[in-house]
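Trainee: Below is the structure I would like to discuss, written out as structure tokens.
Just so it is clear, none of the values below were taken in a lab; they were calculated from the coordinates. Predicted model only: the values in this text are computed from it and were never measured. We place every Cβ from the backbone using ideal geometry, glycine too, and count neighbours over all the protein chains shown.
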Amino acid sequence: MSDAHRTDPYAGAADMRLPEPLRAGLLRHLDHLRARYEARGWGGRTGFGSRPAVLVIDLARFWTEPAHQMGSEMDPVVEATARVLAVARSRSVPVFFSTSAWDPADPPSPQSRKLSLRVDPSDLSVFDIDPRLAPRPNEKVFRKCYASCFKGTNLHEMLAALRVDTLIVTGVSTSHCVYATCRDGADSYHLIVARQAVGDRCELFHEVNLMDIDLELGDVLPVDEVLAGLRAVPDRPAG
């Protein structure tokens, strides 16, 4: 993979960046690991199919506004996702948005002990999609209880109804909801992850999980290549 992504505008939390003395060496080691995996047969390309859809994972205010508990600097991710959406919409490519189905009445699970969410039950607008992305009336916004967009939702059925074979993935967080969604979708769809349009609060987790996705689950491509793939999609009637 090209090193160009390492000069992309930084997205994430300032206090979770790789320390400068470690960055160059760690990224070189990831390149070394990639080469070792590729020598063992990993990292083939899935490529685009013929009927893509765009999935925007959890780019809601709770994650895109740094003032919130899960928020960090995600402006570059939102802006790159907006570029993907602009081309997808111009080609009548279906678009889906996910956000959290958080409910204070949900019974706690063992996993709830791992992360204590601080949400004001009187203001669930924090789970609204970032207004810069402005879902359109014909773009489905669905709520999920788990990391994967497929677990406990009807995303598979909605995609099947549209005969989608390619899922273009954007959103947050690379190490959690993006990764879990790619893991669940890899056996059913060509997965195309728009590199600059996904992000994580932690730079190390972002780099490691993005490489894992690219080696095993889907193709991680620069946004410009994703846009070129979308522009090659034949026109479809809107609706």
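Trainee: Please identify, among S173, S188, S122, the residue showing maximal mean-square fluctuation in a Gaussian network model of the chain using a 10 angstrom Cα cutoff.
Mentor: Greatest mean-square fluctuation among the candidates belongs to S122.
Trainee: Find the centroid of the Cα atoms in the range 184-239 and in the range 92-139, then give the distance between the two in whole Å.
Mentor: When both Cα centres are located, 22 Å separates them.
Trainee: Given a 10 angstrom Cα cut-off, can you work out which residue in V208, V56, V172 is the most mobile in a GNM of the chain?
Mentor: Comparing V208, V56, V172 in the GNM, the peak value goes to V208.
Trainee: Just to be sure I understand the model, the point goes 7 Å from the Cα along the line to the Cβ. What's the resulting A13 to E225 distance in nm?
Mentor: Spacing of the two 7 Å Cα→Cβ label points: 3.1 nm.
Trainee: Here is a further query. If I model a spin label at R40 and D128 as a point 7 Å from the Cα along the Cα→Cβ vector, what separation in nanometres do I get?
Mentor: 4.8
Trainee: Between S109 and A186, take the C-beta separation as r, use R0 = 22 Å, and let me know the FRET efficiency to the nearest 0.05.
Mentor: Values: r = 25 Å, r/R0 = 1.14.
According to the calculation, E is roughly 0.30.
Trainee: Another question about this same structure. What ranking do Y10, Y179, Y37 get, fewest neighbouring Cβ atoms within 10 angstrom at the top? The partial results should precede the final answer.
Mentor: Details: Y10 13, Y179 23, Y37 16.
In increasing order of surrounding Cβ atoms, one gets Y10, Y37, Y179.
Trainee: Only one of the values (i) 29.2, 98; (ii) 17.5, 53; (iii) 16.7, 50 was calculated from this structure for Rg and Dmax of the Cα atoms in Å; name its label.
Mentor: Entry (ii).
Trainee: Top mean-square fluctuation among L59, L159, L115, Gaussian network model of the chain, C-alpha springs under 10 Å?
Mentor: Between L59, L159, L115, it is L115 that shows the largest mean-square fluctuation.
Trainee: Pop the C-beta distance of D120 and K151 into the FRET formula with R0 = 22 Å and round what comes out to the nearest 0.05. Please list the in-between numbers first.
Mentor: Details: r = 26 Å, r/R0 = 1.18.
My answer for the efficiency is 0.25.
Trainee: For S50 and S92, compute 0.36 nm times the residue count separating them, minus their Cα-Cα distance, and round to one decimal in nm. Can you show the working numbers first?
Mentor: Details: separation 42, 0.36 × 42 = 15.12 nm, distance 1.33 nm.
Answer, rounded to one decimal: 13.8 nm.
Trainee: Tell me what the chain gives for mean residue ellipticity at 222 nm when only DSSP H runs of n ≥ 4 count, each as -39,500 (n - 2.57), the sum divided by the residue total, rounded to 500 deg cm²/dmol. Before the final figure, lay out each step's value.
Mentor: Values: 7 runs with 77 residues, N = 239.
Calculated at 222 nm, the ellipticity per residue is -10000 deg cm²/dmol.
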